[in-house]
1. Only one residue in 76, 62, 9 is open to solvent by 80 Å² or more (accessible area, probe 1.4 Å), out of contact with any Gly (no Cβ under 9 Å at 6 or more places or on another chain) and in contact (Cβ under 8 Å) with a residue 12 or more places away in the chain. Which one?
2. Which number in (1) outside any strand (DSSP E or B); (2) surrounded by 14 or more Cβ atoms within 10 Å (Cβ to Cβ) marks the one condition that residue 134 misses?
3. For segment 234-247, check the following and say yes or no: at least one residue is under 30 Å from residue 286 (Cα atoms) and at pLDDT 85 or above.
4. Scan segment 127-143 and tell me whether some residue there is under 22 Å from residue 238 (Cβ atoms), aliphatic (A, V, I, L, M) and more than 19 Å from the chain's Cα centre (by Cα).
5. Counting just the residues of segment 99-142 that are touching a Leu at 6+ places or on another chain (Cβ under 7 Å) and polar (S, T, N, Q), which one comes out farthest from residue 196 (Cα to Cα)?
6. Kindly indicate whether any position in segment 303-316 is outside any loop (DSSP other than H, G, I, E, B), closer than 16 Å to residue 218 by Cα and touching a Gly at 6+ places or on another chain (Cβ under 7 Å).
7. Go through 143, 164 for me and flag whichever is more than 27 Å from residue 84 (Cα to Cα), open to solvent by less than 70 Å² (accessible area, probe 1.4 Å), of a type in the set (Ser, Thr, Tyr) and touching a residue at least 12 places away in the same chain (Cβ under 8 Å).
8. Name the single residue that is modelled with the highest pLDDT among those in segment 202-222 being open to solvent by less than 30 Å² (accessible area, probe 1.4 Å) and over 14 Å from residue 357 (Cα atoms).
Amino acid sequence: MINVEKIRDDLVFGLDIGTRNVVGVVGYMNKSRFMVIAMACREHDTRAMIDGQIHDIYKVGDTIRSVKNDLERQLDMKLTDVCIAAAGRVLRTLNVSAEYTFEEETRVTQEHIYSLNLLAVEKAHNEINGSSGQTRFFCVGNTPVRYRLNGYDINNLEGHKAETIGVDLIATFLPEEVVDGLYEAVSYAGLQVASLTLEPIAAINIAIPESYRLLNIALVDVGAGTSDICITKDGSIVAYGMIPYAGDEITEAVARGCLVDFNTAEQIKVQASQKNGKVTYKDIMGLSQTVPAETIRNIASEAMMKIAEETARKIRDINGGKPANAVFLVGGGGKMAGYSDMLAEKLELPKERVAVRGE
């Protein structure tokens with residue numbers, strides 16, 4: 001049993017505020033591993049979020065509060081600060097470069113690197129808000145692609161002596177109203193946002209180890225409302241993307257085909273994600289139905305094909321016009337039997353090159 005009091009100051013509380021549910025995790029870093037000591041999950045009672053966008057701030061806030069209360073009971077302590085990840089179908093990304101010249105040769109510290117990254121983010125912020133009309137964008141994450149030391153590429157600047165340091169960086173933005181809705185829902189639940197990142201940034205750090213990033217790999221996180229895409233190549237993350245097509249499209253197709261409400265359709269979809277067996281449900285006429293799982297997948301096939309087409313198009317778009325060498329699928333929406341084969345077909349990849357990422 002972990003003594004929470006001894007590690008209280010090291011604890012991190014993270015929330016994934018998804019379209020279908022809210023997941024909360026509390027843990028701490030032990031060397032390079034994150035140790036989870038408490039976890040809670042609650043589904044939204046209504047469709048308070050659609051396509052990753054909050055539609056009912058206070059209902060989402062109630063769900064967040066329920067997760068927070070559950071975690072506080074498990075830990076017997078009060079939670080006040082939280083780290084969150086944002087999704088959104090209106091994601092904008094910019095690739096920017098920044099450079100800084102010292103007055104004299106200087107040993108590079110983490111503070112210098114942080115300031116350099118900030119210069120690049122500020123440049124991206126000014127560029128995107130200067131060209132987007134009335135819509136104001138908020139930076140929700142940034143990823144350095146490569147650093148430069150006196151004009152030469154280098155993986156890590158820290159500790160080196162330099163006259164000039166530079167960075168190529170991907171900055172990701174969402175409209176301020178999207179971010180404001182997230183902050184308000186979290187505040188309504190009695191929490192304060194300690195840090196904000198983007199969902200594909202959070203996903204890539206878990207699903208694709210740095211040792212794999214030399215390869216041109218696409219990570220696709222198929223959630224309920226959005227599919228988040230991240231591309232790696234030459235040892236770095238080189239692009240992010242997001243499309244508003246994911247598991248909800250499949251659920252809606254099942255609802256229409258089976259004549260059931262959305263929540264029942266979601267249960268049917270989960271049952272049908274298994275390759276064999278039968279699915280039993282009651283339609284809105286009150287009639288009990290038992291059908292093969294394959295029948296449900298046939299009903300959902302058109303929606304699945306649409307998601308695969310849009311995902312393949314987005315991967316090509318952010319990967320220089322060509323498919324990645326391999327694709328990893330994470331998230332519940334990508335577990336429907338047959339979806340990985342459809343995506344492989346649209347990307348013109350061998351089926352074994354598109355796989356659901358396991359634990």
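The values are calculated or read from the model by the stated rules, or taken from the named source; none is laboratory data. Everything numeric here is computed off the predicted structure, so don't read it as measured data. FYI the Cβ positions are ideal-geometry reconstructions off the backbone, even for glycines, and counts take in every protein chain you see. In case anyone asks, the SASA skips ligands and DNA or RNA and just uses the protein heavy atoms, side chains included. Shrake-Rupley method; radii C 1.70, N 1.55, O 1.52, S 1.80 Å.
1. Working: 62 fails: open to solvent by 80 Å² or more (accessible area, probe 1.4 Å); 9 fails: in contact (Cβ under 8 Å) with a residue 12 or more places away in the chain.
One residue alone meets the criteria, 76.
2. Only one criterion in (1) outside any strand (DSSP E or B); (2) surrounded by 14 or more Cβ atoms within 10 Å (Cβ to Cβ) is unmet by residue 134, namely (2).
3. At the first step, the residues of segment 234-247 found to be under 30 Å from residue 286 (Cα atoms) are 246-247.
When the remaining residues are screened for being at pLDDT 85 or above, the result is 246-247.
Yes.
4. First, the residues of segment 127-143 that are under 22 Å from residue 238 (Cβ atoms): 127-128, 137, 139-143.
Adding the requirement that they be aliphatic (A, V, I, L, M) leaves 128, 140.
Narrowing further to those that are more than 19 Å from the chain's Cα centre (by Cα): 128.
Scanning segment 127-143 turns up at least one residue that is under 22 Å from residue 238 (Cβ atoms), aliphatic (A, V, I, L, M) and more than 19 Å from the chain's Cα centre (by Cα).
5. Here the answer is 117.
6. The first filter runs over segment 303-316 and keeps only residues outside any loop (DSSP other than H, G, I, E, B), leaving 303-316.
Applying the additional criterion that residues be closer than 16 Å to residue 218 by Cα yields 307-316.
Those still in the list that are touching a Gly at 6+ places or on another chain (Cβ under 7 Å) too: 314.
Yes: one or more hits.
7. Values: 143 fails: more than 27 Å from residue 84 (Cα to Cα).
None of the others qualify; the one that does is 164.
8. Within segment 202-222, the match that is modelled with the highest pLDDT is 216.
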